[in-house]
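The values are calculated or read from the model by the stated rules, or taken from the named source; none is laboratory data. Just so it is clear, the model here is predicted, and its values are computed rather than measured. No Cβ is skipped: glycine too gets one built from the backbone with ideal geometry, and neighbour counts run over all protein chains shown. In case anyone asks, the SASA skips ligands and DNA or RNA and just uses the protein heavy atoms, side chains included. Shrake-Rupley method; radii C 1.70, N 1.55, O 1.52, S 1.80 Å.
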Amino acid sequence: MRGEERRKREGKNGGREGKNRGRERGRTEEERGEERRKRGEEQRKRGEEQRKRGGKNRGREGKNRGRERGRTEEERGEERRKREGKNGGRERGGPEEERGRTEEERGRTEEERGEEQRKRGEEQRKRGGKNRGREGKNRGRTDRDELDNLLVDNRKVMLQSIADDLRARLPLHAMLPSETSAQHKMQQQARPTVHVDGFLYDDELVDALCEEGTMSRSYCLSCGSYKTAPLEFLSHSFSVSELQFLYQNVLPDLSGRTLVDVGSRLGAVLYGGYVYSSASQLVGLELSEEFVQLQNDVLQKYQLTDRVQVLHADVCTQDVLLQNADVLVMNNVFEYFMEPAEQVRAWRFIMLMFRKKGSLLVTVPGLQESLSAVQEVLLPGWVEELPVDSDVYLGRDADPDALRQIHLYRVIGEEQGPVSQNQK
């Protein structure tokens, strides 16, 4: 019984051991199979990668072989073209050379055209600059012209009409045959001097006369040569612009006052005073009977006799008139028409008679210049000079230098009664 049990136990144990060994063997085989399978998979992947690499390498090798073949074919084709080009060039050398020359000539022509166009463009730019400069000047002139047009009124038109009438009755130099002394003195000036009356001839008219050869602004330094020098122009009358300046900028309101013009000549100061001032009386003193008649004709024609009169008289005979005058005007009055001794006498008479305190004296040139020319001394305490602002625009014809020559004085001496004949 015990032996049987041992055998059973041993048999069971042996069976268990066998199962266990079988299991272990099975597991070992399974593990080995799995390892083999994994190795196979890895080998398969490696083979796949090698196949891919081999395909790429074969592709690269194929491409390289293709490129090399293509290059070889291209080189061969290029060589064939060169050979054909040489042969064709030999055959077509003449015409091709001519074509090349033609192209070269065309190139030169184009270059020349380009240079000409560049020069034309440069000239156009220069002309454009000049034109712009001219346009700027023209605009400036246009602005001045517009301003001048505004300054032209009926008064100026009237004065210009009077000047037209006087020009028709006088020679070009506006000097009478009786004025030989004045003409001789002008000829004795350091520089050649001609008389051009400022009231009769403005700059625009002088330019027109110079262009037509009737008048000249210059003289020849040496006969037959082109060396010239400007002539000195002298006027014994105020221009229209200077008259406007005198009455509107120099003198105050003259309402109720008497103005006396010594040496009235053509009467410009009187006509200007009539249209530009409210003076109650304008009196002209003139030695020349011909000029007196000329002025009276103008006064009658233009109906100015209600406020203007002209006396054929020497200033040294007009003591009462000077004593009552409010304004005395003397424009280049003595220098060319009197001898030095006569000038001294006239100046002394005026300094003694024109004594009303506050009355005004207008002279061209200034007193010091006029008196020093005849070595006469200004009477102490007679007048004081007043400032004159000449910085005004009165039109293109206004001469700033001429405006600066106008001097204004005020009498400061005490009022005196009639002067005895001995004092005269």
*Could you say which residue among LEU360, LEU294 is open to solvent by less than 40 Å² (accessible area, probe 1.4 Å) and touching a strand residue (DSSP E or B) at 6+ places or on another chain (Cβ under 8 Å)?*
LEU360
_Evaluation of VAL260 against (1) touching a residue at least 24 places away in the same chain (Cβ under 8 Å); (2) of a type outside the set (D, E, K, R); (3) open to solvent by 60 Å² or more (accessible area, probe 1.4 Å); (4) farther than 23 Å from VAL196 by Cα (one fails), failing number_ = (3)
_Taking the conditions exactly as written (closer than 28 Å to LEU266 by Cβ and not hydroxyl-bearing (Ser, Thr, Tyr)), does GLU384 satisfy them or not?_
no
*Given LEU367, LEU371, which one is within 40 Å of the chain's Cα centre (by Cα), crowded, with 17+ Cβ neighbours inside 10 Å and farther than 20 Å from ARG265 by Cβ?*
LEU367
*asked:* Which numbered condition in (1) open to solvent by 10 Å² or more (accessible area, probe 1.4 Å); (2) in contact (Cβ under 8 Å) with a residue 24 or more places away in the chain is the only one that GLY273 fails?
replied: (1)
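Conditions (1) hydrophobic (A, V, I, L, M, F, W, C); (2) within 17 Å of VAL292 (Cα to Cα); (3) at pLDDT below 80, marked per residue:
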| site | (1), (2), (3) |
| --- | --- |
| LEU159 | yes, no, no |
| ASP164 | no, no, no |
| ALA168 | yes, yes, no |
| HIS173 | no, no, yes |
| LEU176 | yes, yes, yes |
| GLU179 | no, yes, yes |
| HIS184 | no, no, yes |
| GLY198 | no, no, no |
| GLU204 | no, no, no |
